[in-house]
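Since the structure comes first, as structure tokens, the remarks are kept for the end.
The values are calculated or read from the model by the stated rules, or taken from the named source; none is laboratory data. Here the structure is a predicted model, which is why all the values come from computation and not from measurement. No Cβ is skipped: glycine too gets one built from the backbone with ideal geometry, and neighbour counts run over all protein chains shown.
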Amino acid sequence: MSADERAWWDDAVVYEVYPRSFADSNGDGVGDIAGVRSRLPYLSWLGVDAIWLTPFYPSPLADGGYDVSDYCDVDPLLGTLADFDALVAEARAHGIRVIIDLVPNHSSVNHPLFRAALAAGPGSRERARFIFRDAPGGEPPNNWPSQFGGPAWTRVPDGQWYLHLYDSSQPDWNWLDPDVPAFFEKVIRFWLDRDVAGLRVDVAHGLFKDPDLPDNPPAVPGLGPSAYRHRPELHALYRSWRSILDSYPPGVFPGRRTAIGEVWYDEPDTLRPYLEPGGLPQVFNFQLISAPWDTAALRAAIDATRSLAGGSRAPWVLGNHDVTRPVTRYARGEADDPERGERRARAAVLLLLALPGSAYIYQGEELGLPEVLALPPGARADPRFRRSGGERIGRDGCRVPLPWSAGGASFGFSGTSAGDPQASPWLPQPGDWGRRSVEAQRAEPGSFLSLYRAALRLRRGHPALGAGAMRWLDGVGSGSELLCFAREPGFIFAANLGRAPAALPPYREVLLASGEFGGGVLPPDTAAWLAG
Ligand code: GLC
């Protein structure tokens, strides 16, 4: 493929910002848009191509902002539309594109159109925009579960039920009603007009439901096709969105706008229809999140999505605001050596950034932050914790506000002038987070942050780490657990996933390594980038 045909997103590294936990500019304990602006120099120093902002829209915050009451504004806690415009413009000056989160599966119960639906009553035009049903006998219309626990239906005072695949505060839109696609087309244009580079499409597998609303079979379905997942109607909708994206002039950056779908699946093959030409430019591939730390399993997981589409259309990701942080995930079942999680997370980012295609990094991954497991129950905000009666711990542990400074209140998360009163961060930070802060790691050559930055710089400069072809190197370090591939020209990736040292293939030079090694032998849980 020629350089001209490549899109900017083909090998972009995108940094996910969870705004409420990134940086707080006004000392109220909640991160905001001005806080993101203030940290753009950091993101540019780190070397990312774009940021993805999770929802910053007006919201009652029943699900961290994924319960949207106005799709075309900024929540007053986080700032104003003028702040947003300034963020896009300043990010541009740093060479960073801005991708925003589109939440089309559900709104908030506070959205004016849902309020109108409640007021208008059964059978009305207003109710047709959501999924209301009568049900005889006082039982919900079917047995669908909410993803956060409990039933997916809530009854309103006039006796009808509405569907919510997530929290009861998040009613599902009825995508079979023509008002809904028309409404979202306006929302998409509103933000493209404000020069966003793309959209991350929330719950992209779930918008359409089987209109008969059949019961689930007795075995609870996983993440595969069902009456409310991966419906065929999705693809005409995404083709229509693609034409909108492609119809836009370049804006402040050259190239077209993108959209990336959040599509969870059991079998990678489920992604196939989403990757047909003319649909969404990209969908996430969650293979590196789901694969165990095992050479054969990881290689099979990588091949399963590479055979469908390269990583350009299905970007790689190690974590996000919904899953346990890598450092903690990789330590599971490894109580004999608690440092193993950190070593593996360091090796994993070298894998992430060496694979062909685009990659997403979630804020704090570059600091090696662990999942915060010891949050007090009263501080937890995730509806998954509440709706499961505390049985499921929820996702707050990966959303704790970032430590920027080695000391001080909130480790620099709240950045007001000294002496101004400051509220505590909305989720409490562990007392030892100073040593994991940006300040503490920046000057430390062996830190997580230094490793991420060095990898991002090398990746930008190395000809193989753009469009370079990839091929597995078999038979190296024979008998060992070496995951090893080449990218052309002249790049070798190797990671030792086993328990014993492994011999590397011949190489000229070590470009970067996740841990110390010598003599051509890689210790366990270590990865290296080599010049071949
Ligand atoms: C997506 C979001 C998640 C949210 C859910 C419902 O999975 O990433 O945070 O809770 O959708 O909107």
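General remarks:
- Residues in segment 522-532 that are surrounded by 15 or more Cβ atoms within 10 Å (Cβ to Cβ) and part of a strand (DSSP E or B): LEU522, THR526, ALA527, ALA528, TRP529, LEU530.
- Residue check for GLY518: surrounded by fewer than 16 Cβ atoms within 10 Å (Cβ to Cβ), over 17 Å from ALA454 (Cα atoms) and of a type outside the set (Lys, Arg): yes
- Residues considered: ARG97, ARG92. Of these, the only one that is surrounded by fewer than 19 Cβ atoms within 10 Å (Cβ to Cβ), closer than 30 Å to PRO254 by Cβ, of a type in the set (D, E, K, R) and in the same structural domain as ALA259 (by TED's automatic domain parsing) is ARG92.
- Filter result for GLN441 (under 25 Å from the mean Cα position of the chain (by Cα) and of a type in the set (S, T, N, Q)): yes
- Meets criteria (of a type outside the set (A, V, I, L, M, F, W, C), within 33 Å of the chain's Cα centre (by Cα), within 16 Å of the ligand (Cβ to nearest atom) and not in a helix (DSSP H, G or I)) for PRO141: no
- Among the residues of segment 219-263, the ones that are among the hydrophobic types (A, V, I, L, M, F, W, C) and not in a loop (DSSP other than H, G, I, E, B) come to 8 in all.
- Residues considered: GLY311, GLY333, GLY279. Of these, the only one that is under 17 Å from the mean Cα position of the chain (by Cα), in a loop (DSSP other than H, G, I, E, B) and small (Gly, Ala, Ser) is GLY311.
- Test: residue in segment 306-322 that is of a type in the set (A, V, I, L, M, F, W, C), surrounded by fewer than 22 Cβ atoms within 10 Å (Cβ to Cβ), within 16 Å of the ligand (Cβ to nearest atom) and on the phi < 0 side of the Ramachandran plot: no
- Residue count, segment 365-378 (criterion: within 14 Å of LEU451 (Cβ to Cβ) and touching a Leu at 6+ places or on another chain (Cβ under 7 Å)): 3
- Hits in segment 372-399 (condition: within 15 Å of the ligand (Cβ to nearest atom) and part of a loop (DSSP other than H, G, I, E, B)): ARG380, ALA381, ASP382, SER388, ARG392, ILE393, GLY394, ARG395, ARG399
- Count - residues of segment 78-97 that are touching an Asp or Glu at 6+ places or on another chain (Cβ under 9 Å) and either within 21 Å of VAL203 (Cβ to Cβ) or not hydrophobic (A, V, I, L, M, F, W, C) (or both): 7
- Residue among ALA467, ALA494, ALA409 that alone is free of Cβ contacts under 8 Å to residues at least 60 places away in the same chain, of a type in the set (A, V, I, L, M, F, W, C) and more than 30 Å from ALA62 (Cα to Cα): ALA494
- Per the conditions (1) in a helix (DSSP H, G or I); (2) in contact with a Pro (Cβ under 6 Å, 6 or more places away or on another chain), the sole criterion not satisfied by TYR360 is (1).
- Positions within segment 51-103 being aliphatic (A, V, I, L, M), over 20 Å from ARG399 (Cα atoms), touching a Phe, Trp or Tyr at 6+ places or on another chain (Cβ under 9 Å) and touching a residue at least 60 places away in the same chain (Cβ under 8 Å), in sequence order: VAL98
- Number of positions in segment 187-218 that are part of a strand (DSSP E or B) and closer than 30 Å to ASN143 by Cα: 2
- Scan of segment 101-130 for residues that are within 16 Å of the ligand (Cβ to nearest atom) and aliphatic (A, V, I, L, M), ordered by number: LEU102, VAL103, VAL109
- Among the residues making up segment 432-487, those that are in contact with a strand residue (DSSP E or B) (Cβ under 9 Å, 6 or more places away or on another chain) and within 23 Å of VAL400 (Cα to Cα) are LEU451, TYR452.
- One residue alone among ARG299, ARG346 is part of a helix (DSSP H, G or I), closer than 23 Å to PRO524 by Cβ and in contact with a Ser or Thr (Cβ under 6 Å, 6 or more places away or on another chain), and that residue is ARG346.
Quick grid of which residues meet (1) over 25 Å from ASP382 (Cα atoms); (2) out of contact with any Asp or Glu (no Cβ under 7 Å at 6 or more places or on another chain); (3) of a type outside the set (D, E, K, R); (4) within 16 Å of the ligand (Cβ to nearest atom):
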site: GLY29; (1), (2), (3), (4): no, yes, yes, no
site: VAL36; (1), (2), (3), (4): no, yes, yes, no
site: LEU46; (1), (2), (3), (4): yes, no, yes, no
site: ALA50; (1), (2), (3), (4): yes, yes, yes, no
site: PHE56; (1), (2), (3), (4): no, no, yes, yes
site: TYR66; (1), (2), (3), (4): no, no, yes, yes
site: ASP73; (1), (2), (3), (4): no, yes, no, no
site: PRO76; (1), (2), (3), (4): no, yes, yes, no
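- Residue pairs whose Cβ atoms lie under 8 Å apart, sitting 6 or more positions apart in sequence or on different chains, and linking a residue in segment 230-254 that is on the phi > 0 side of the Ramachandran plot to a partner that is part of a helix (DSSP H, G or I) and at pLDDT 95 or above, are HIS230/THR270; HIS230/PRO273; GLY251/LEU192.
- Out of PRO60, PRO19, sole residue that is within 15 Å of the ligand (Cβ to nearest atom) and closer than 26 Å to ASP193 by Cβ: PRO19
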